[in-house]
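J.: Quick one: the structure is below, and I'll ask about it shortly.
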Amino acid sequence: MNKNNYVFLIVTLFAINSSAMAQDSTLASYIFDEGLSVRGGIGHIAVRDEFISDERYSGVIPFFGVSWSRFHNTYGYRLQLEYQSTPDLRNYNVSAEITQFRLGLDYLYPVGDLKFMSREVNICLGPTAEFFIHFRRQNIANGGSTLDVYSFASLFSGGIRSEAWMPIFAGLQLHGAAQMSIVSLGGRMVNPVNSSKSFVKLLTPFSGFNASAGVNISYGVTESLAADVGYRFDMTRISAWDFFVSGDDNFIASISYAF
Amino acid sequence: MPFNMYKKYCWIALPPIIAFLVGCSDLVVNAPTHNDNTADFERAWSITDSVYPYFQFKHINWDSIYVVYKPQAEDAKGDQIFQVLFNMLAELKDGHVEVDTKGGFPVRTYTPLRTERDRGTFDPLVVRKYFTEELSLAGGDRMEYGILPGNIGYVRIATFEQGSWILDFDNIISYLRDTNGLILDVRDNGGGSDATGTFVIRRFLSSPLPWPPIYSNGVLKSNPPLQPSGALTFSKPVVVLMNGTCFSATEDFLNMIGQLPNVTLLGDTSAGGSGAPQDFFLPSGRRIRVSTLDFRRYDGRPIEWNGIVPDVLVMQTEADIKSDHDLQLERAIALLK
């Protein structure tokens with residue numbers, strides 16, 4: 001996928017979520033999933049890390065997450081922590097261990113509503129900050145040496161996030177979200193033996209990019225308890241050093257409890 | 001809510017299900033469109049064939065290695081070639097030979113047995129227990145030095161990597177010039193550059209020192225003798241501490257400094273690897289590192305596999321170090337008292 005395709009994908013996701021930014025807000029706190037949320041799921045991840053090789057590694061990866069969110073008078077915020085790890089990412093019969101970690105903080109401001117299929121859709125938009133780290137250990141013989149072959153990539157990003165809620169009927173709603181980084185401080189594994197390259201750089205979306213988009217169905221079991229299931233796609237692309245791209249599709253279930 | 005109501009709204013489950021099944025990750029992370037595996041194998045084999053100096057010494061028939069690994073390379077998909085290259089080059093049993101990741105992470109194909117044996121048998125923190133004062137650091141923390149009870153100087157050189165940091169060695173020698181003798185500790189020094197090692201040796205020379213034999217493609221190289229250098233020459237007794245983790249340029253250092261009449265090599269035999277390795281790029285961008293020169297001991301035998309043998313053999317185990325005893329250092333102190 002070339003750079004234009006990435007731009008098209010992200011712009012489309014944002015267009016879907018934020019096409020009615022100028023309208024009045026009717027977003028109410030009951031729509032925003034407040035409280036503590038615990039998430040679990042399963043996903044499929046594909047990674048190409050040219051610090052190791054040009055080859056594509058892929059496999060199944062479990063997903064765990066926890067978040068805390070609150071809606072105040074005029075805005076909502078969400079702090080989330082996510083963890084993914086698998087010991088068996090494969091390229092034919094060569095494997096690698098992958099661990100990914102995300103810490104994110106989102107602020108969401110109601111920006112308006114729109115009508116979609118004769119239903120009201122509530123839109124929020126706001127800044128987001130995310131720390132992402134990807135660590136990889138290559139399972140390869142090492143001639144009796146204790147040196148592990150490993151690679152890492154990290155992004156500390158500031159960006160923008162958009163979310164939309166569409167109530168279906170009492171308690172049930174469809175929720176979509178998309179976010180992308182605008183500026184990042186990137187970190188990357190460099191040649192440990194012979195390199196003058198810095199392993200930290202300031203990155204634009206063209207040299208280091210993080211984005212995610214997802215859609216889920218939420219059902220309020222009680223006033224305090226909500227359950228939801230959904231899909232989320234995450235991608236990270238870094239080209240300031242040896243090229244790195246990872247993408248993961250996740251099927252996620254979560255339970256939220258509002259205190 | 002009646003069942004038909006659920007049916008009416010079940011369409012909302014479709015977007016996440018469809019998205020999951022489509023799998024965006026496969027769209028954004030592409031596999032490479034070409035495969036250089038066979039070309040990588042051919043290049044790795046031919047480079048090694050043309051530069052590797054120890055086929056005869058190690059009784060390796062490199063042509064037969066080609067016959068064994070060529071079919072494996074042709075069958076290798078993706079990064080499987082990594083393992084094929086690794087296994088082929090591991091046949092050389094050479095601690096300098098590597099297959100690097102594309103970004104340059106070294107993957108050693110072999111670790112000398114004496115290095116394995118002596119890993120963990122040296123601990124600089126145990127060395128400190130023999131001193132009454134803290135050791136001083138120099139050379140960008142690559143060297144440390146001090147004076148042991150009995151007025152015995154001690155210098156540890158942790159690496160021979162290239163750089164101007166070694167200039168600090170002159171200051172250390174100047175500081176230790178009034179000691180009764182010197183312990184030069186190069187245990188756990190995995191090598192670096194011969195230029196750094198010879199910088200140190202020249203501070204102990206009172207007359208020119210001929211180089212040991214070095215062969216390139218079977219031809220003896222001629223090097224001018226090493227000349228004395230430095231503001232002062234340390235001519236008092238010197239004990240050089242060594243073990244099986246001493247490798248590469250450190251072995252060249254041991255080979256040469258061991259020729260000096262006031263120097264005693266003490267400890268255990270070094271690893272056995274001294275091949276002046278060079279990096280070579282393969283068509284895919286991967287790199288291999290292969291030995292190119294045959295360094296010999298002064299008795300004419302290759303340093304490769306044989307290592308440098310100490311004048312005074314003192315074996316040391318991990319258990320000795322864990323019980324806070326550095327037997328090699330203790331013996332060196334006893335020799336210099």
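The values are calculated or read from the model by the stated rules, or taken from the named source; none is laboratory data. Everything numeric here is computed off the predicted structure, so don't read it as measured data. Neighbour counts are summed over all protein chains in view; Cβ atoms, including those assigned to glycine, are modelled from backbone coordinates with ideal geometry. Protein only, heavy atoms only, side chains kept; ligands, DNA and RNA dropped before computing areas. Shrake-Rupley method; radii C 1.70, N 1.55, O 1.52, S 1.80 Å.
J.: Of all residues in region A:234-252, which are more than 11 Å from chain B (Cβ to nearest Cβ) and either more than 21 Å from residue A:103 (Cβ to Cβ) or surrounded by fewer than 24 Cβ atoms within 10 Å (Cβ to Cβ) (or both)?
T.: A:239, A:240
J.: With the requirement that a residue be within 11 Å of chain B (Cβ to nearest Cβ), at pLDDT 85 or above and in a strand (DSSP E or B), what does region A:169-215 give you?
T.: If the condition is that a residue be within 11 Å of chain B (Cβ to nearest Cβ), at pLDDT 85 or above and in a strand (DSSP E or B), then A:172, A:173, A:174, A:175, A:176, A:188, A:209, A:211, A:212, A:213, A:214, A:215 are the ones that fit.
J.: Name the residues in region B:120-138 that are part of a loop (DSSP other than H, G, I, E, B) and within 18 Å of residue B:241 (Cβ to Cβ), would you? Spell out the reasoning first.
T.: Applying the first criterion (part of a loop (DSSP other than H, G, I, E, B)) to region B:120-138 yields B:120-123, B:129-135.
Of everything in region B:120-138, those that are part of a loop (DSSP other than H, G, I, E, B) and within 18 Å of residue B:241 (Cβ to Cβ) turn out to be B:120, B:121, B:122, B:123, B:129, B:130, B:131, B:135.
J.: Next question, about the same structure. Condition first: surrounded by 14 or more Cβ atoms within 10 Å (Cβ to Cβ) and either under 22 Å from residue A:106 (Cα atoms) or acidic (Asp, Glu) (or both). Now tell me which residues in region A:188-203 satisfy that.
T.: Answer for region A:188-203, where residues must be surrounded by 14 or more Cβ atoms within 10 Å (Cβ to Cβ) and either under 22 Å from residue A:106 (Cα atoms) or acidic (Asp, Glu) (or both): just A:203.
J.: Of A:137, A:78, A:161, which residue is in a strand (DSSP E or B), open to solvent by 50 Å² or more (accessible area, probe 1.4 Å) and not aliphatic (A, V, I, L, M)?
T.: Result: A:137 is the single residue among A:137, A:78, A:161 that is in a strand (DSSP E or B), open to solvent by 50 Å² or more (accessible area, probe 1.4 Å) and not aliphatic (A, V, I, L, M).
J.: Please state which of the following conditions residue B:166 fails to meet, knowing it meets all the rest: (1) within 24 Å of residue B:243 (Cα to Cα); (2) part of a helix (DSSP H, G or I); (3) without any contact (Cβ under 8 Å) to a residue 40 or more places away in the chain; (4) open to solvent by 50 Å² or more (accessible area, probe 1.4 Å).
T.: (4) is the only condition that residue B:166 fails.
J.: Might you check whether a residue that is in contact with a Gly (Cβ under 9 Å, 6 or more places away or on another chain), open to solvent by 40 Å² or more (accessible area, probe 1.4 Å) and not assigned by TED's automatic domain parsing to the domain that holds residue B:181 occurs anywhere in region B:280-293?
T.: Taking every residue of region B:280-293 in turn, none turns out to be in contact with a Gly (Cβ under 9 Å, 6 or more places away or on another chain), open to solvent by 40 Å² or more (accessible area, probe 1.4 Å) and not assigned by TED's automatic domain parsing to the domain that holds residue B:181.
J.: Being in contact with a helix residue (DSSP H, G or I) (Cβ under 8 Å, 6 or more places away or on another chain), assigned to a helix (DSSP H, G or I) and open to solvent by less than 70 Å² (accessible area, probe 1.4 Å) is the filter; apply it to region B:50-78 and report the residue that is farthest from the other protein chains (Cβ to nearest Cβ).
T.: B:66
J.: Can you tell me which residue is modelled with the highest pLDDT among those in region B:35-49 that are within 14 Å of another protein chain (Cβ to nearest Cβ) and open to solvent by less than 30 Å² (accessible area, probe 1.4 Å)?
T.: B:40
Every residue, every condition in (1) under 23 Å from residue B:274 (Cα atoms); (2) free of Cβ contacts under 8 Å to residues at least 24 places away in the same chain; (3) open to solvent by less than 10 Å² (accessible area, probe 1.4 Å), yes or no:
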| position | (1), (2), (3) |
| --- | --- |
| B:118 | yes, no, yes |
| B:134 | no, yes, no |
| B:150 | no, no, no |
| B:170 | no, no, no |
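J.: Further question on the same structure: Could you tell me which of the residues B:216, B:229 is modelled with pLDDT under 95, within 29 Å of residue B:110 (Cα to Cα), among the hydroxyl-bearing types (Ser, Thr, Tyr) and open to solvent by 30 Å² or more (accessible area, probe 1.4 Å)?
T.: Only one candidate passes the filter, namely B:216.
J.: Please go through region B:99-118 and give me each residue that is within 8 Å of chain A (Cβ to nearest Cβ) and in a loop (DSSP other than H, G, I, E, B), ordered by number.
T.: Matches in region B:99-118: B:101, B:102, B:103, B:104, B:105, B:109, B:110, B:111.
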